[in-house]
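This report concerns only the one structure given below.
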Amino acid sequence: MLQIFNTLTRSKETFVPIEPGKVKMYVCGMTVYDYCHIGHARVMVVFDMVQRWLRASGLEVTYVRNITDIDDKIINRSIQNNESIQSLTQRYINEMNADAKALGVISPSKEPKATEHIEDMLSMIQRLIEKQHAYLAKNGDIFYSVRSFNEYGKLSGKSIEDLRAGERVDIDQNKHDELDFVLWKSAKPNEPSWDSPWGKGRPGWHIECSAMSSHYLGHHFDIHGGGMDLKFPHHECEIAQAKGAYDRSPVKYWMHTNMLTVNGQKMSKSLGNSFLPSELIAGSHPLLEQPYSPMTVRFFMLQSQYRSTLDFSNEALKAAQKGYKRLANGLKIIRGMEFPTNVIEAIDEKHVEEVKKAVTDRKSVV
């Protein structure tokens, strides 16, 4: 049976769907203000593998991966480019989809945009206010009161008392507490806004995923995935919002992919070692010695267990290229051979069982 390392419990658990035969999975997608880099691509490839395996295991999978098409970065980039937000976001959505297709990533069951679910967000915010988990600040913003939720920090292992302002927490004099986070931002000049019971404004980042996952998967679903960098504060805030609104834990199994390094260094634009999938495929990045096929890139990403740090280097990619060619050539040879039926069945049974044993253990892909 499938074993999943659950980030919430910090332990390997046997996967048992909430509803027999069906799986509901949500993965945090792109904020579309720039191109998809290889870190984003790894998340897409890993959870593509997860949903493929679940389907191959005979389960009916509803896989939702959202698109954040409104936030501060998008607004700032549209101003810099003198480009409409709609034009900017659609351009990068198209680029993201092209990268996903090249890497063999199947489209999710649903790929909602944040701007399509403003009403869901307003409804959740209203519930949080009624349950005294949120409040209207004097500047018109709505904040979540972190200290009203005594389980905050459980996913990330952080104590409220140990959290300090400045560690991914903005200092805002309108907050009751420096740890509180924004659910709804009051309208600013020259920014997009929507009507709400509290005046015109736009959603905060965290509320988007809680509203969209609840809309498509209900208030309690099987798997929530994303990059390790989202564990805190984003996923921590999602739990606080969803449980605060609906009085139940929103997710049964949390899965997080680890970070990427390049030649042992943290990937960063400032270091010039940030790669786009298209640059790997074209061999156009100055640190690359040659181009690599999309399936070589995918094969390389899946060679490392998803919770492990993945280090990109020319040597590692060349090794993956050789490994993928051996695999592809082996499949061609097998497909071209004629075996007696009983031999084919023996080969299939043996290798299927080996694959199942490897994939369902947390030490390998899943």
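Here are a few things to note about the model shown:
- Overall form of the stretch 112-161 per C-alpha gyration tensor (a/c, 1.5; a/b vs b/c): oblate
- In this structure the chain gives 49 Å² per residue of accessible area when probed at 1.4 Å with all protein chains present.
- Overall dimensions of the chain by Cα: Rg and Dmax, Å: 22.2, 78
- Loop-located GluC sites (Glu not before Pro) in the stretch 78-128, at most 13 other Cβ atoms within 10 Å (DSSP): 83
- Set the Cα radius of gyration of the stretch 5-107 against 2.2 N^0.38 Å, with N its number of residues, and you get 1.29.
- DSSP beta bridges in the chain [antiparallel fraction, %, rounded to 5]: 45
- Projection of the Cα convex hull of the stretch 86-183, averaged over all directions and equal to a quarter of that hull's surface, yields 9.4 nm².
- Evaluated at q = 0.22, 0.25, 0.27 Å⁻¹, a Debye calculation over the C-alpha positions of the stretch 183-234 (equal weights, vacuum) places log10 I(q)/I(0) at -0.90, -0.98, -1.04.
- Charge sum, other residues only, whose C-beta stays under 11 Å from residue 186's C-beta, Lys/Arg counted +1 and Asp/Glu -1: +3
- Accessible-area order (highest first, 1.4 angstrom probe) of the listed residues 210, 196: 196, 210
- Cross-link check: pairs 243/269; 22/243; 266/325; 200/243; 158/318; 73/356 evaluated at a Cα-Cα cut-off of 32 Å; pairs beyond the cut-off: 243/269; 158/318; 73/356.
- Every helix of 4 or more DSSP H residues in the chain counts as -39500 (n - 2.57), and over all residues that averages to -12500 deg cm²/dmol at 222 nm.
- Share of Cα-Cα pairs in the stretch 154-280 lying beyond 23 Å, as whole percent: 49
- Accessible surface of the chain, 1.4 Å probe: 50 percent of it comes from carbon and sulfur atoms.
- Euclidean distance between Cα centres, the stretch 91-128 to the stretch 232-303, Å: 17
- Only beta bridges with both residues in the stretch 167-264 are counted; by DSSP, about 40 percent of them are antiparallel.
- Loop-located GluC sites (Glu not before Pro) in the stretch 129-229 (DSSP state not H, G, I, E or B) with no more than 11 neighbouring Cβ atoms inside 10 Å: 161, 167.
The values are calculated or read from the model by the stated rules, or taken from the named source; none is laboratory data. Computed from a predicted structure; not experimentally measured. Note that we place each Cβ from the backbone using ideal geometry, even for glycine, and neighbour counts take in every protein chain shown. The accessibility values were calculated without ligands, DNA or RNA, using every heavy atom of the protein model including side chains. Shrake-Rupley method; radii C 1.70, N 1.55, O 1.52, S 1.80 Å.
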